[in-house]
Amino acid sequence: MRLIITDQYSGMCQSAAKIIASQITLKPDSVLGLATGSTPIGIYGRLAAWHRDGELDFSQITTVNLDEYYGLAPDNAQSYHYFMTEHLFSKVNLPKGKQYLPDGTNSDAVRECQRYQSLIELLGGVDMQLLGLGHNGHIGFNEPSDAFVKDVHLVDLAEKTIEANKRFFDRVEDVPRQAYTMGIGTIFQAKKILLVVSGAEKADILKRVMYGLICPQVPGSILQLHPNVVVVADKEAAGA
Ligand code: F6R
């Protein structure tokens with residue numbers, strides 16, 4: 001794992017956005033794996049600005065998101081579809097038919113998981129996967145558990161995740177209890193992985209992910225085994 005430490009959140013966003021922009025420039029038809037949450041917002045802002053300034057073209061790019069809340073439709077303001085439209089899709093020239101997320105409204109979990117897993121395989125896999133890091137070490141919504149789950153699956157969200165994500169909802173009761181997520185194997189097949197982390201409250205978990213025991217109780221720790229991972233962390237998250 002290669003670690004890039006930046007001064008603050010804005011530096012982290014700038015470095016990570018440059019890495020993604022290089023990927024797009026060097027391989028204009030890349031399949032990008034994307035994440036939601038607070039951490040990537042500034043990264044998407046920079047990518048959108050570079051597109052606006054005529055420096056970055058998304059016309060041949062395909063995107064596949066890590067996860068989506070179970071039960072939320074794309075027009076629900078708390079859905080990850082909505083988040084992606086707001087922060088990136090509406091601001092760049094990414095073709096509408098090439099923006100993929102799990103379908104949170106599909107209640108047939110077996111079918112939805114198979115569909116999304118096969119879709120990623122049909123696309124030839126992900127060229128670069130952007131990941132955030134949960135306070136409990138989750139990547140995507142692969143929560144701490146007794147075993148790594150390989151493929152796309154429907155997961156029960158951990159209490160810590162529900163607690164952390166309630167800031168996006170009016171009431172904690174409104175946070176969905178389940179989500180569709182890429183599995184650890186789905187994430188692992190990405191050719192390159194870019195993990196972005198910000199803030200002092202993530203310093204302990206980032207240390208465990210990068211240098212601790214590789215175990216399903218700290219899902220992100222599996223990244224130690226991937227041959228091409230860049231971690232971009234601000235000083236606070238890196239504990240520097
Ligand atoms: C989001 C996702 C999650 C987040 C993680 C960190 O698509 O898969 O793993 O990346 O929960 O979220 P923030 O950035 O809000 O701290």
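The values are calculated or read from the model by the stated rules, or taken from the named source; none is laboratory data. Here the structure is a predicted model, which is why all the values come from computation and not from measurement. Please note: Cβ atoms are built from the backbone with ideal geometry, for glycine as well, and neighbour counts cover all protein chains shown.
Here's the yes/no breakdown for (1) exposed (fewer than 15 other Cβ atoms within 10 Å of the Cβ); (2) free of Cβ contacts under 8 Å to residues at least 24 places away in the same chain:
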site: Ser15; (1), (2): no, no
site: Ser22; (1), (2): yes, yes
site: Val31; (1), (2): no, no
site: Thr39; (1), (2): no, no
site: Thr62; (1), (2): no, no
site: Asn65; (1), (2): no, no
site: Asp75; (1), (2): yes, yes
site: Ser90; (1), (2): yes, yes
site: Asn93; (1), (2): yes, no
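If Asp67 satisfies all but one of (1) farther than 25 Å from Gly134 by Cα; (2) within 13 Å of the ligand (Cβ to nearest atom), what's the number of the condition it fails?
So Asp67 meets the others, but not (1).
Here is a yes/no grid of residues against (1) at pLDDT below 95; (2) surrounded by fewer than 22 Cβ atoms within 10 Å (Cβ to Cβ); (3) in a loop (DSSP other than H, G, I, E, B):
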| residue | (1), (2), (3) |
| --- | --- |
| Pro102 | no, no, yes |
| Asn106 | no, yes, yes |
| Val110 | no, yes, no |
| Arg115 | no, yes, no |
| Leu119 | no, yes, no |
| Gln129 | no, no, no |
| Asp146 | no, yes, yes |
| Val149 | no, yes, yes |
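Mind listing whichever residues of the stretch 204-236 are among the hydrophobic types (A, V, I, L, M, F, W, C), within 19 Å of Pro144 (Cβ to Cβ) and buried (at least 17 other Cβ atoms within 10 Å of the Cβ)?
Ile205, Leu206, Val209, Met210, Val218, Ile222, Leu223
Go through the stretch 162-188 and give me each residue that's within 9 Å of the ligand (Cβ to nearest atom) and surrounded by 14 or more Cβ atoms within 10 Å (Cβ to Cβ).
Within the stretch 162-188, Ala164, Asn165, Phe168, Ala179, Thr181, Met182 qualify.
What number of residues within the stretch 151-164 are without any contact (Cβ under 8 Å) to a residue 40 or more places away in the chain and either in a helix (DSSP H, G or I) or aliphatic (A, V, I, L, M) (or both)?
9
Can you pull out every residue in the stretch 41-60 that is surrounded by fewer than 16 Cβ atoms within 10 Å (Cβ to Cβ) and of a type in the set (Ser, Thr, Tyr)?
The answer is Ser59, and nothing else.
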